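Some notes on the structure that comes next.
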Amino acid sequence: MALIMDGNAVSKAVQAEIAQEFEKVKPTGRKPGLAVVLVGDNPASVVYVGRKKKACETLGFFSVEHRLSAGTPEGELLGLVRSLNQNPQIHGILVQLPLPGHLNPQKVIETIDPHKDVDGMHPFSLGKLVAGLPGLRSCTPAGVMAMLDHYKIPVSGKRAVVIGRSIMVGKPMAQLLIEANATVTVCHSRTRDIAGIVREAEIVVAAMGRPKFVTADMVHEGAVVVDVGINRTPEGKLVGDVDFEAIAPKASAITPVPGGVGPMTIALLMKNTYQAFLDQT
Ligand code: GUN
């Protein structure tokens, strides 16, 4: 039976480390500030934004939440982002995705001051990542790396397969694994024989947003399986991109959904916010 990687516990450990660091600068009276912008009322986004705010409160960070109606014109959203760019109390800006269809997410991301890009999705941050330079990394892939690191799972020299090529997860995930000296293959919707490729992997990261897409026959005995997917079934149950019950007996380590990668994303957002604060003060 696989080691079940406990995202709640590791997230707490990462946030405890941040709290310890923050203690050192507390006497200055300055504190990290995060602005979270939510447009519309997508129920999942409302939950995620609430968790981000709570994490800030627990750490004693300053946080503001801007809730805009679903019909907000693009100019208004860009104006808000520009005012947050200028606000010295704010060190990190996160615009929750997805945005309503009339808003261009790329334009919004590119309006964020790259130094405040705690989501790591600005082309400046992505460029730093590809160049192997220090910078703000996308929270979910960075959370996956922190989880592997916590459980001392070796990455160097391993064959890793990332399923999914999104800007938020798949591409930065592949890049972080390369940075950690894995040999990385990226699979996507046009990949032929995904099952055959995944079967070769010693580390599998599933991030394509298709419920239980990765089945037991696709996974090599002893593989490390990380599930980034969060899908809601018609019955309202949360399931990942991985068939957890069938794969857990075969894998050497696996993340559950919920309670796996999700909490790590929050922890790394706090870490990015703290880093952005240090870089700006
Ligand atoms: N929607 C789901 N996850 C995320 C995230 O990490 N950042 C943003 N901005 N939107 C999301």
- Note on the structure: Counted residues in the stretch 17-46 being β-branched (Val, Ile, Thr) and open to solvent by 70 Å² or more (accessible area, probe 1.4 Å) come to 1
- In the stretch 113-128, how many are assigned to a loop (DSSP other than H, G, I, E, B) and either more than 14 Å from MET168 (Cβ to Cβ) or free of Cβ contacts under 8 Å to residues at least 12 places away in the same chain (or both)? 1
- Message: With the requirement that a residue be part of a helix (DSSP H, G or I), more than 10 Å from the ligand (Cβ to nearest atom) and in contact (Cβ under 8 Å) with a residue 60 or more places away in the chain, what does the stretch 29-55 give you?
- Response: ARG51, ALA55
- Query: Say we look at the stretch 251-271 and pick out the residues that are of a type in the set (A, V, I, L, M, F, W, C) and in a helix (DSSP H, G or I); which of these is farthest from the chain's Cα centre (by Cα)?
  - Reply: MET270
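Yes or no, residue by residue, for (1) small (Gly, Ala, Ser); (2) in contact with a Ser or Thr (Cβ under 7 Å, 6 or more places away or on another chain):
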position: ARG82; (1), (2): no, yes
position: GLN96; (1), (2): no, yes
position: PRO100; (1), (2): no, no
position: PRO114; (1), (2): no, yes
position: ALA131; (1), (2): yes, no
position: PRO134; (1), (2): no, no
position: GLY143; (1), (2): yes, yes
position: TYR151; (1), (2): no, no
position: MET168; (1), (2): no, yes
- Item | Pairs where the first residue, in the stretch 223-250, is farther than 25 Å from ALA174 by Cα and the second is among the hydroxyl-bearing types (Ser, Thr, Tyr) and not in a strand (DSSP E or B), C-beta under 9 Å, 6+ apart | ALA246/THR215
- Task: Considering only the stretch 167-195, state which residues are open to solvent by 70 Å² or more (accessible area, probe 1.4 Å) and more than 14 Å from the chain's Cα centre (by Cα).
- Result: ILE178, GLU179, ASN181, THR183, SER189, ARG190, ARG192, ASP193
- Query: For the stretch 83-106, which residues satisfy the criterion of being surrounded by 13 or more Cβ atoms within 10 Å (Cβ to Cβ) and either assigned to a helix (DSSP H, G or I) or within 14 Å of the ligand (Cβ to nearest atom) (or both)?
  - Reply: LEU84, ASN85, GLY92, ILE93, LEU94, VAL95, GLN96, LEU97, LEU99, PRO100, LEU103, PRO105
- Note on the structure: Checked GLY143, GLY164, GLY132 against criteria (within 16 Å of the ligand (Cβ to nearest atom), open to solvent by less than 40 Å² (accessible area, probe 1.4 Å) and at positive phi); the one match is GLY164
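The values are calculated or read from the model by the stated rules, or taken from the named source; none is laboratory data. In this text the structure is predicted, and so the values were computed from the model without any measurement. No Cβ is skipped: glycine too gets one built from the backbone with ideal geometry, and neighbour counts run over all protein chains shown. Remember, those area values only see protein heavy atoms, side chains included, never the ligands or the DNA or RNA. Shrake-Rupley method; radii C 1.70, N 1.55, O 1.52, S 1.80 Å.
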